[in-house]
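Enquirer: What follows is a single structure, and I will ask about it in a moment.
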Amino acid sequence: MEIKEYNGNIKLLELPKTAFLCSRKVPATVVLKCYDWAIEQRNKGICIISGFQSQIEKDVLHYLMKGKQPIIIALARGLKQKPEPAFQHAIDKGRLLIITPFDKEVKRVTEKTAQARNQLMIVLAENITVGFISEGGLLEELLKQTNKTINKI
């Protein structure tokens, strides 16, 4: 799996990266822990790579965007013509990179494209942090295939 398209500061790929992954359904007890983790990473200036697709991942992105640390968004579809205004500001500041392993023709996120995106993130990241893993889910299966250490929040 390789990056086909990107928008932003490609040099962010040279930094040590922590991938943040989380199952879509998250127990309430995990939510605040994920927020606290995001704020801690932001304060430490850690480069986070994630799909920021599920609600909890979007919330984590919200906390990260309030900082100055680098962020990499990995899409499970092709790039849009123009990034959202909040993203464009971070791109202009050199702290955001949006990557995708797909061509522009891929417009919809599917289970298959999300799995491919997650595989790419795991390959690119030095560290993996997981907010929550649903038993028997696709994320659990994917993480069984890596030799990297997985930190659970």
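Enquirer: From Cα pairs below 8 angstrom and at least 6 apart in sequence, can you work out the relative contact order of the chain, rounded to a whole percent?
Expert: 34
Enquirer: OK, next. Could you grab the relative contact order for segment 46-105? Cα pairs under 8 Å, six or more apart, rounded to a whole percent.
Expert: It rounds to 37 percent for segment 46-105.
Enquirer: Then there's this: In whole Hz and in residue order, list the ³J(HN,Hα) couplings for segment 117-129 that follow from phi through the Karplus curve 6.51 cos²θ - 1.76 cosθ + 1.60, θ = phi - 60°; x for Gly and Pro.
Expert: In residue order, the calculated couplings are 4, 5, 4, 4, 4, 5, 5, 6, 8, 7, 10, 10, 10 Hz.
Enquirer: Sorted by packing (mean other beta-carbon atoms within 10 Å per residue), highest first, where do 82-92, 103-113, 117-127 land?
Expert: 117-127, 82-92, 103-113
Enquirer: Nothing charged except the Cβ atoms of Lys and Arg (+1) and of Asp and Glu (-1): what's the magnitude of the dipole of the chain about its Cα centre? Round to the nearest 20 debye.
Expert: Rounded to the nearest 20 debye, it is 300 debye.
Enquirer: Output wanted: per-residue J couplings in Hz (rounded whole) for segment 26-42, from phi through Karplus 6.51 cos²θ - 1.76 cosθ + 1.60, θ = phi - 60°, x for Gly and Pro.
Expert: Each residue's phi maps through the Karplus curve to give 10, x, 4, 5, 8, 4, 5, 5, 5, 4, 4, 4, 4, 5, 5, 5, 4 Hz.
Enquirer: Continuing with the same structure: Which residues' amide hydrogens lie under 5 Å from the amide hydrogen of residue 4, considering only partners 5 or more residues apart or on another chain, with H built in the peptide plane?
Expert: 100, 102
Enquirer: Follow-up. HN-Hα J couplings of segment 76-90 from phi, Karplus 6.51/-1.76/1.60, θ = phi - 60°, integer Hz, Gly and Pro as x?
Expert: My calculation for segment 76-90 gives 9, 7, x, 5, 7, 4, 10, x, 4, x, 5, 6, 4, 4, 5 Hz in order.
Enquirer: Just list whichever of 68/152; 25/66; 4/104; 11/68; 112/144; 66/104 have alpha carbons separated by over 19 Å in the model shown.
Expert: Check vs 19 Å cut-off fails for 68/152; 25/66; 66/104.
Enquirer: While we're on this one: Compactness ratio of segment 27-113: Cα Rg over 2.2 N^0.38 Å, N = residue count?
Expert: Normalised by 2.2 N^0.38 Å, the Cα Rg of segment 27-113 equals 1.13.
Enquirer: Looking at 45, 129, 19, which one has the Cα that reaches farthest to the positive end of the dipole of the chain (charges on Cβ: Lys, Arg +1; Asp, Glu -1)?
Expert: 45
Enquirer: Antiparallel as a % of all DSSP beta bridges within segment 5-152, to the nearest 5?
Expert: 20
Enquirer: Could you tell me the largest-minus-smallest coordinate of the C-alpha atoms of segment 1-150 on each of the three principal axes, in descending order and whole angstroms?
Expert: So the three principal-axis extents are 38, 35, 26 Å.
Enquirer: Tell me what the chain gives for mean residue ellipticity at 222 nm when only DSSP H runs of n ≥ 4 count, each as -39,500 (n - 2.57), the sum divided by the residue total, rounded to 500 deg cm²/dmol.
Expert: Mean residue ellipticity at 222 nm (helix-derived): -11500 deg cm²/dmol.
Each value in this text was obtained by applying a stated rule to the coordinates, not by laboratory testing. Keep in mind that this is a model prediction, so the values were computed, not measured. Note that each Cβ is placed from the backbone with ideal geometry, even for glycine, and that neighbours are counted across all protein chains shown.
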